[in-house]
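The values are calculated or read from the model by the stated rules, or taken from the named source; none is laboratory data. Remember, it's a predicted structure, so these values are computed and weren't measured experimentally. Ideal geometry is used to build each Cβ from the backbone, glycine not excepted, and the neighbour counts take in all protein chains shown.
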Amino acid sequence: MGVYSRAPLAFERGEGSRLYTADGEAYLDCMAGIAVNALGHANPVLVDALKAQAEKLWHVSNIFKIPGQEALADRLTSISFADVVFFTNSGTEAIECAIKTARKHHWANGQPERIDIIGFEGSFHGRTIAAVNASGNPSYLEGFGPPLPGFVHLPFGDVELIRKAIGPTTAAIVVEPVQGEGGARAWTEAALCEIRQLCDETGVLLIYDEIQCGLGRTGKLFAYEWAEDAAPDIMALAKALGGGFPVGACLATVDAAKGMTVGSHGSTYGGNPLAMAVGLAAVDELIKPALMDHVNELAGYLNQQLTGLRERFPDVVVDIRGKGLLIGIKLATPNREFMQHARDEHLLIAGGGDNCVRLLPPLVLTQAEAREAIEKLERACERARTQAKAA
Ligand code: PLP
């Protein structure tokens, strides 16, 4: 189906932060499959985990015990707020599970009328019907029938409006602590704490979508850890969880998941042995403290250099935002054109809302590669300036 506007570029192989075309041309990958290849391409640890599992067992069914699933669930609960996990194949399915978990929680509490999910403008939660209804981008709903009941949208960043919007039918608030698609907009730590408090006062469940910003991308294992006492009740993960192998997870406290009893949810593939082997290997790499130190160091360097670019190219770069290695560059010139300028420099970057481009490099990007990315971005800025002048 013609649903993608694809760049005229294909890759044959990848290694670390580089992608290579069939002709052997190298590109510096600063989008990592949109925050997926956090450990780089063809990471040997992940390759070994996949190969070893592929030779033993690919798939059974969730009607059997799956030891790899128990191991990854144990790991995820030991490093987060959560007690229980449901595994999916994608981010949007993890959000789907989060919404179902929240509504079923209230149903189990004898409050079936609590179905409303409060979301935010500019948010993105995936492409299933429920996920596009939860997302704050009306264009993704166009033509797919009337908006579903039970979804409310508020402007980004205004906690007072959330307080006013919470009512007797509110089930949950779904927040990306750092919006990805929306253009790398971060909620303040104070706002996340206030939202947590509001939820505690009202019995509303707090869902974090850390599909893009989680698992080390912001310089902490989970973005919510930047705020003290703002842990969620439910959290969706995906992307970096499999480092390129399709896997997602919905994490919850045992109380939040009280309605998710036998038969209330399921998946054929979710949590199969192949995905769990890669997921466990990926998480064990991502939780290494040295990696988080590296991410924070790199993020500081890139932020400083990008601020310099903004000063040298105020006609091109308007703002630098985001957190850690989820970096948004808001532009004065069209972002799609800027992505092409970057590709002309053999640098891959992602687009984003609010006329941003995003840098989402593998977390293992080296300091030398970060320098190279800045040099390429500088040349892309020069191209954008020249094009704007010629127009
Ligand atoms: N939520 C966020 C924050 C995302 O960035 C994405 C994907 O970009 C999704 C949900 C949907 O994930 P998937 O494309 O794996 O379904």
**OP:** Select from segment 170-228 the residues that are at pLDDT below 95 and aliphatic (A, V, I, L, M) and list them in ascending order.
**Re:** none
**OP:** Count, please, the residues in segment 274-293 that happen to be among the β-branched types (V, I, T) and within 16 Å of S80 (Cβ to Cβ).
**Re:** 2
**OP:** For A54, indicate whether it is closer than 27 Å to P232 by Cα and of a type in the set (A, V, I, L, M).
**Re:** no
Subject >> Pairs where the first residue, in segment 244-259, is within 21 Å of A171 (Cβ to Cβ) and within 16 Å of the ligand (Cβ to nearest atom) and the second is among the hydrophobic types (A, V, I, L, M, F, W, C) and in a strand (DSSP E or B), C-beta under 6 Å, 6+ apart >> reply: A249/V85; A249/F87; A249/L237; C250/F86; C250/A236; L251/V85; L251/M235
**OP:** Look through E375, E369 and report the one residue that is assigned to a helix (DSSP H, G or I) and out of contact with any Cys (no Cβ under 9 Å at 6 or more places or on another chain).
**Re:** E375
**OP:** Could you please let me know if P246 is surrounded by fewer than 20 Cβ atoms within 10 Å (Cβ to Cβ), more than 20 Å from the chain's Cα centre (by Cα) and closer than 28 Å to A42 by Cβ?
**Re:** no
Subject >> Hey, H106 of a type outside the set (V, I, T), touching a residue at least 60 places away in the same chain (Cβ under 8 Å), within 12 Å of the ligand (Cβ to nearest atom) and not in a strand (DSSP E or B) or not >> reply: no
Subject >> Selection within segment 113-153 - within 16 Å of A98 (Cα to Cα), over 18 Å from the mean Cα position of the chain (by Cα) and assigned to a helix (DSSP H, G or I) >> reply: I129
**OP:** Starting from segment 279-301, keep only residues that are surrounded by fewer than 18 Cβ atoms within 10 Å (Cβ to Cβ), then list their pairs with residues that are of a type in the set (S, T, N, Q) whose Cβ atoms are within a distance under 9 Å, requiring at least 6 positions of separation or different chains.
**Re:** E297/Q367; Y301/Q367
**OP:** Considering only segment 304-334, state which residues are under 20 Å from the mean Cα position of the chain (by Cα) and either surrounded by fewer than 23 Cβ atoms within 10 Å (Cβ to Cβ) or under 17 Å from L28 (Cα atoms) (or both).
**Re:** I320, R321, K323, L325, L326, I327, K330
Original post:
Filtering segment 44-95 down to residues that are aromatic (F, W, Y) and away from the ligand (no atom under 16 Å from the Cβ), which residue is surrounded by the most Cβ atoms within 10 Å (Cβ to Cβ)?
Top reply: F81
